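Peer 1: Supplied in structure tokens, the structure appears directly below.
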Amino acid sequence: MRSILIILFFMLMIVSAKLYGQKWQPGRFTDVKGNIESGFINVNPSGRGPIKDEGFIEFKEDNKSEPYKLSASDLRSFVVGKDSFVVAHPPGNESWAKKELDFVKVALDEDIKIYVTHGGGGGRSSGIGFSPGVGAGIGTGGYGGGFGGGLSIPIGGGGGRSYEKTSWYYGDNPAGMKRLTDQNFEDVMCDIMGDYPDIVDKIHAKVYVLANIDRLIAYFNHVKAAEKR
């Protein structure tokens, strides 16, 4: 019995270490003045943010530094691993956990971009999941391409929120983004991916629909990457 308890204790320690490693991820942010700072980012800090009705993250320069909070209005964008996020207002009459300003993930970086949130428009959970080591990267002057599925952690601070349905948006910038729906999916995605007839044919044939857009984005990125080889 004692041996079992010891094994369980060490297993718990390993899990705790992994969860702590996921809490702080290598990343960088670009503030509203265009300054870029690299270090470690916690996308789901607990407690209240610096500004009411805004999402926020925590940042520290290194493992020995004291972390500090950054509200959405302090930032233009930030990167965690290879996933990129930009600041946005909820479009139209939608709301994100009663937040007037929060973060959305750049799932596809083309002239017309695809953005994704978890809980967008639902009113309870806000933010987007990130996948360490997979997905989009952000450059010093713009957004990165690619898509990362997998680990879903709500961002924007506050903790304790429920997970909600995934919501997708499109637009040439966050200020002009609109909800991607079953009704407009085919037109929007064919417009974005129009240079690739094979992909367009699959969209028309309903091989790819809104429900599996993550697979479509992954396939699109694969085809683009293969073209450059």
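We did not get these values from a lab; they are worked out from the coordinates using the rules stated. These figures come from a predicted structure and were not determined experimentally. Please note: Cβ atoms are built from the backbone with ideal geometry, for glycine as well, and neighbour counts cover all protein chains shown.
Peer 1: Of LYS52/LYS113; LYS69/LYS224; LYS69/LYS105; LYS165/LYS228, which sit over 26 Å apart, Cα to Cα?
Peer 2: Pairs exceeding 26 Å: LYS52/LYS113; LYS69/LYS224; LYS165/LYS228.
Peer 1: Turning to a different aspect of this structure: How much length is gained on full extension from ASN35 to ARG76, taking 0.36 nm per residue of separation minus their Cα-Cα distance?
Peer 2: On the way: separation 41, 0.36 × 41 = 14.76 nm, distance 0.97 nm.
Gain on extension, ASN35 to ARG76, equals 13.8 nm.
Peer 1: Between HIS204 and LYS224, what is the label-point separation in nm under the 7 Å Cα-to-beta-carbon projection?
Peer 2: About 2.2 nm, to one decimal.
Peer 1: On full extension of the chain, what length is gained from ASN212 through GLU100, given 0.36 nm per residue of separation minus the C-alpha to C-alpha distance?
Peer 2: Using 0.36 nm per residue and subtracting the Cα-Cα distance, I get 37.4 nm.
Peer 1: What FRET efficiency comes out for the pair ILE51/ASN184, r = Cβ-Cβ distance, R0 = 45 Å, nearest 0.05?
Peer 2: Here the calculated transfer efficiency is 0.85.
Peer 1: Excluding residues fewer than 8 places away in the same chain, name every one of the aspartates and glutamates whose C-alpha is closer than 16 Å to that of LYS206.
Peer 2: By straight Cα distance, LYS206 reaches ASP182, GLU186, ASP187, ASP191, ASP198, ASP214.
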